[in-house]
Amino acid sequence: MSYDRNATRDPAFGLRHTSRGPLVLLFYDGYEWRARSGVIAGSLAQLRRLARYVYRSIRRKQVRTGFYTAFVALRTALERHGCDVRVNDFATAASMPDYPIGLAGYPSVLDAVRLENPVVFGPGDFGAPEAAARVAGWANMKLLIQPSDWFRDYYRPSCGDKVVTWAAGIDTMRWSEVPPTEKSLDVLIYDKIRWDRETRVSAVLDRLISHLDERNLSYRVLRYGHHHQGAFAEGLRCARSLAFLCEHETQGLAYQEALASGVPVFAWDEEEFIDPLLNRDMPSGLMVSSVPYFDARCGVRSKLDELEQRFDDFWSRLNNFQPRAYVEETLSLERSAQIYLQLYAEAGAAV
C-alpha cells in the first residue's frame with residue numbers, strides 16, 4: 001500500500017462531513033450482496049444475502065469470496081477511522097452527482113450502478129485488459145484499484161496511470177496471537193493450487209506432505225473454497241506455522257491473516273504467471289508473487305526445486321520470525337483507511 005500523492009494533506013480533505021464523519025458512498029455487487037436501487041429491490045437483496053450466508057454456513061462452505069472479504073475490510077477500516085459509510089445508497093449518491101462513489105465486487109457492479117458520480121473502482125474485478133481499458137475510458141471513471149504493485153503493473157499498459165495500488169487492511173483485533181503453549185499443530189497447509197491440479201498437487205502438496213512425514217511433523221490441509229472460515233480461524237489458533245501453496249496472489253488475505261495471528265508462513269513462490277486467461281496479455285518483465293506483501297519477518301519463500309531445504313531452514317528459525325509486526329506496520333486497517341480516503345477524495349477533486 002504505497003499510494004502517497006499528497007501525504008501531508010488530510011486524507012478526507014474535500015469530502016462532505018456528516019455528524020458521523022467523512023461521508024463515503026460504497027457500492028458492492030457480487031455473490032454475497034446485490035447492488036439494487038429502491039426499497040423493495042434493496043430489501044430483497046438483503047434477504048438473498050442472508051439466505052446465502054445461512055445456506056453455505058450450514059453446509060460448512062466458504063461464505064465469502066475474496067472480493068467480499070476485501071470489501072468488508074474496507075468498510076471496517078473506514079468506520080473505525082471515523083467515516084460515515086453508506087453501502088448501496090443509490091438515493092444519496094444520485095442527489096450529489098459530483099460526489100465520488102466507490103464501486104467494488106464483480107464486473108456486474110458496472111451494470112448495477114449506472115450513476116454519473118466520479119468513481120473509484122476496487123476492490124474488485126474490472127475484467128481482462130481489453131475490457132479494463134474500456135472501463136478506464138469512461139468519463140466518470142477516475143481510479144481503478146488493484147491490491148498489489150505487480151497486478152497494478154499488469155494493467156498499466158491498458159489502463160495507464162488510472163490504475164493504482166491499494167490493499168485491504170487486516171483486522172489485528174480479530175486475528176490475534178495465541179500463546180505458543182496452546183499450539184498443538186505443527187503445520188497448517190493452505191492449498192490454493194488453482195490450475196493443472198492433477199500435476200501440481202502431486203508435485204507440490206504431496207511432496208511437502210512427504211517431507212513433513214519424514215520429519216514426523218503434524219499437519220492439516222485446508223483447500224481454498226472447500227472449508228468454512230471458522231475452520232481456518234481454528235486452524236490458525238492451534239498451528240505453529242502455515243504452508244501457503246498458491247501459484248500467485250494479487251493480495252493473499254489468507255496468509256496475511258496468518259501473519260497477523262503471529263503464525264510464520266512458508267510460501268511456495270515460483271514467481272511465474274500461470275493464469276491461462278490473463279497471461280497472454282502479460283507485460284514483458286512482469287514480476288509476480290504468491291506472497292506480494294512479505295519480508296524476512298514473515299517467514300520463508302521457496303521454489304519447488306529447493307522445497308525441502310528451504311522448509312528445513314524455515315523450521316529451524318521458526319521462533320525468530322515476527323510476522324505480526326510486519327502486518328501492523330504494513331497492512332493495518334488504519335493505514336488502509338487513510339490510503340483509500342486519499343484515493344476517494346482525489347476522485348472527487350478530479351471532477
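Values quoted throughout were computed directly from the atomic coordinates according to the rules given, and no laboratory measurement underlies them. Computed from a predicted structure; not experimentally measured. When we count neighbours, we look across all protein chains shown, and the Cβ atoms used for this are built from the backbone with ideal geometry, even at glycine.
Exposure proxy check: 96, 287, 141 ranked by fewest other beta carbons within 10 Å?
Working: 96 15, 287 11, 141 20.
Final ranking by Cβ density, sparse to dense: 287, 96, 141.
Can you count the Lys pairs in the chain whose Cα atoms are under 27 Å apart, with each pair 8 or more apart or on different chains?
Summing the qualifying lysine pairs gives 5.
With a cut-off of 8 Å between alpha carbons and a minimum separation of six or more residues, what is the relative contact order of the chain in percent?
20 percent
How large is log10 of I(q)/I(0) for segment 180-330 at q = 0.09 Å⁻¹ when the intensity is taken from the Debye formula with one equal scatterer per alpha-carbon?
Computed log10 I(q)/I(0) values: -0.26.
Longest span of the chain, sites excluded, free of GluC sites (Glu not before Pro) in DSSP loop with at most 16 other C-beta atoms within 10 Å?
Maximal segment without exposed cleavage sites: 1-115.
Show me the trypsin sites (Lys or Arg not before Pro) within segment 83-169 that DSSP assigns to loop and that have at most 12 other Cβ atoms within 10 Å of their Cβ. Let's see the in-between values first.
Values: sites: 86, 114, 134, 142, 152, 162; in loops: 114.
Taking segment 83-169 and a limit of 12 other Cβ atoms within 10 Å, the loop trypsin sites (Lys or Arg not before Pro) found are 114.
Divide the volume of the convex hull of the Cα atoms of the chain by its number of residues and quote the answer in cubic angstrom per residue.
Convex hull of Cα atoms, per residue: 144 Å³.
Using the Karplus curve 6.51 cos²θ - 1.76 cosθ + 1.60 with θ = phi - 60°, what ³J(HN,Hα) values do you get for each residue of segment 160-174, in whole Hz, with x for Gly and Pro?
Computed from phi, the couplings for segment 160-174 are x, 6, 5, 8, 10, 9, 8, 10, 5, x, 9, 7, 6, 6, 6 Hz.
Between the alpha-carbon centers of segment 270-318 and segment 129-185, tell me the distance in whole angstrom.
Between the Cα centre of segment 270-318 and that of segment 129-185, the gap is 18 Å.
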